[in-house]
Ligand code: AMP
């Protein structure tokens, strides 16, 4: 399994409009609402309908004439995936050119009024905990969305609170910033030179594994789960080595016994030997079922990590009105 690789026929491509100006005549940019990995995101109004949308400007790989077919296929797949209620909906796609003649893709998404990073920050600023039932429904929706994309053979690879969009009123959660990583080459840094966060990155990726799969997203989901409980990131590292050290200090330095094959991974070194701490100490304030689920998400050995589909059946979610999501 790889990023946005197709295991089934993607939806038909959307019509694109050449000429940035013409395409952009359809939308009135209101304000910049964010910066993603691939470019700026604007709140905009669709002139014909008045509908508020999010406009994501994405520069395609340079030296390419027009939109490369791989990118088009990925966008089609993205649109297909965005039919899921827990994936942000791609409404339209417009093609244009910037002043330098580079091809620009405008991805038009449904507008969401906040994201999980801001949501958590709001509680942290007030020194308040997110109510347990809210954490539960957010986690349920996250697992549902992840289960859906994994079910279609797609990895997200960069799940973090920043790209989990939310509707404040309904606490609906939707996964954003999905893929495009094949033909849009995953950058090490954002185009703004802001360094990409490593906090949610799975240990096998940090250790240089080249064959990784869906468990990398589950690790991120586990980190997000812990953050929803404590309002602070569980493993806030600022370099790859530091990130690994953060994980090892809290969960214990892995060895061949807990993770067969770990010492064969490319970036493996002899690390200081830390003993694991209890999740109850690291992430205070969760119930017994919650700890059980969190532990299953933060397993060192990728194959031992719970799948998103299995997570949905975990007793932690027993109280959730599953019909509603
Ligand atoms: P992304 O590139 O998807 O990570 O987006 C970067 C930031 O732009 C997000 O954290 C949001 O603050 C904002 N954003 C992205 N997509 C949307 C959307 N559909 N609605 C509202 N804000 C968005």
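Read-outs: derived from the displayed coordinates by stated rules, not from any lab. These numbers were taken from a predicted model, which means no experiment stands behind them. Positions of Cβ are generated from backbone atoms using ideal geometry, with glycine treated the same way; all protein chains shown enter the neighbour counts.
Ordered by the number of other Cβ atoms lying within 10 Å of each residue's own Cβ, fewest first, 312, 159 fall into the sequence 312, 159. Taking only the Cα atoms of the stretch 205-254, the radius of gyration and Dmax are 11.4, 32 Å. For the stretch 105-161, the extents of the C-alpha atoms along the principal axes are 39, 27, 19 Å, listed from largest to smallest. With 0.36 nm allotted per residue and the present C-alpha distance subtracted, the residue 282-residue 320 stretch has 11.2 nm of extension available.
Note on 221, 135: ascending count of other Cβ atoms within 10 Å places them as 135, 221, the fewest first. Spin-label model, residue 48 to residue 256: label points 7 Å out along the Cα-to-beta-carbon direction sit 6.5 nm apart. A simple spin-label model places the labels of residue 289 and residue 114 2.5 nm from each other, with each point 7 Å out along Cα-to-Cβ.
Footprinting exposure proxy ranking of 84, 217, fewest other C-beta atoms within 10 angstrom first, gives 84, 217. Summary of the geometry: the stretch 221-267 and the stretch 139-167, compared by the centres of their Cα atoms, lie 20 Å apart. Modelled spin-label separation between residue 211 and residue 125, with each label point placed 7 Å from Cα along the Cα-to-Cβ direction: 4.8 nm.
With kT/(6 pi eta Rh) evaluated at 37 °C and eta = 0.692 mPa s, and Rh the Kirkwood radius from Cα pairs, the stretch 114-317 diffuses with a coefficient of 188 µm²/s according to Stokes-Einstein. Across all directions, the shadow cast by the convex hull of the stretch 211-325 built on its C-alpha atoms averages 8.0 square nanometres. For the stretch 228-274, the alpha carbon convex hull comes to 92 Å³ per residue, rounded to a whole number.
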